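Data block below; observations after.
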Amino acid sequence: MHLKDTLLKVNRNGIYCAVGDFYIDPWRGVDRAVVTHGHSDHARPGSRLYLSCKKSELILRERLWERISMQTAEYGEEVSVNGVRVSFHP
């Protein structure tokens, strides 16, 4: 596999999945952020939509303000983001 064929790439906003059009733990606000957990170095404000584990929801809402648009999933549950399967694991 060539580097240009990888699913994830790093750019100025963070780790980007072009196929799914989302960022994983973005460094700044983006359209769609997949947040792996509620630590401040992973959960940054300013994104339009957040996807995270259900167990992280309360801390993320507290950290990022309650009015964020958020979708959550249980551990092990698969969520399709533009055809890319995403799941969270402890």
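The values are calculated or read from the model by the stated rules, or taken from the named source; none is laboratory data. Keep in mind it's a predicted model, so treat the numbers as computed, not measured. Note: ideal-geometry Cβ built from the backbone for every residue, glycine included; neighbour counts use all protein chains shown. We work out accessible area using only protein heavy atoms, side chains counted, and drop any ligands, DNA or RNA first. Shrake-Rupley method; radii C 1.70, N 1.55, O 1.52, S 1.80 Å.
Sequence gap at least 6, Cα distance under 8 Å: using those rules, report the relative contact order of the chain to the nearest whole percent. Walk me through the intermediate numbers first.
Numbers: 177 pairs, mean separation 17.4, N = 90.
About 19 percent, as a whole number.
Need one word for segment 4-90: rounded, prolate or oblate. Basis is the Cα gyration tensor (sqrt eigenvalues a ≥ b ≥ c); a/c below 1.5 gives rounded, then a/b vs b/c decides.
Working: a/c = 1.85, a/b = 1.25, b/c = 1.48.
Oblate shape, in that a/c is at least 1.5 and b/c is the bigger or equal ratio.
Looking only at trypsin sites (Lys or Arg not before Pro) in DSSP loops with at most 10 other Cβ atoms within 10 Å, what is the longest site-free stretch of the chain?
Looking at the chain, 13-66 is the longest stretch - no exposed trypsin sites (Lys or Arg not before Pro) with at most 10 other Cβ atoms within 10 Å.
Could you size up the charge dipole of segment 11-70 around its Cα centre, putting +1 on the beta carbon of Lys and Arg and -1 on that of Asp and Glu, and report it in debye to the nearest 20? All intermediate terms of the calculation are to be shown ahead of the outcome.
Working: 10 positive and 7 negative charges, 16 e Å.
Charge dipole of segment 11-70: 80 debye, to the nearest 20.
Which ³J(HN,Hα) values in Hz, rounded to whole numbers, follow from the phi angles of segment 55-64 under the Karplus curve 6.51 cos²θ - 1.76 cosθ + 1.60, where θ = phi - 60° and Gly and Pro get x?
5, 8, 4, 4, 5, 5, 5, 5, 5, 9
What percentage of the solvent-accessible surface of the chain, computed with a 1.4 Å probe over protein heavy atoms, is contributed by carbon and sulfur atoms? Kindly include the intermediate steps, with their values, before the conclusion.
Working: 2980 of 5910 Å².
With neighbouring chains kept in place, the figure for the chain is 50 percent.
Using a 1.4 Å probe, what is the accessible area per residue for segment 38-90, in Å²?
67
With all protein chains present and a 1.4 Å probe, how do TRP65, TRP27 order by accessible area, largest first?
So the residues, ranked largest to smallest area, are TRP65, TRP27.
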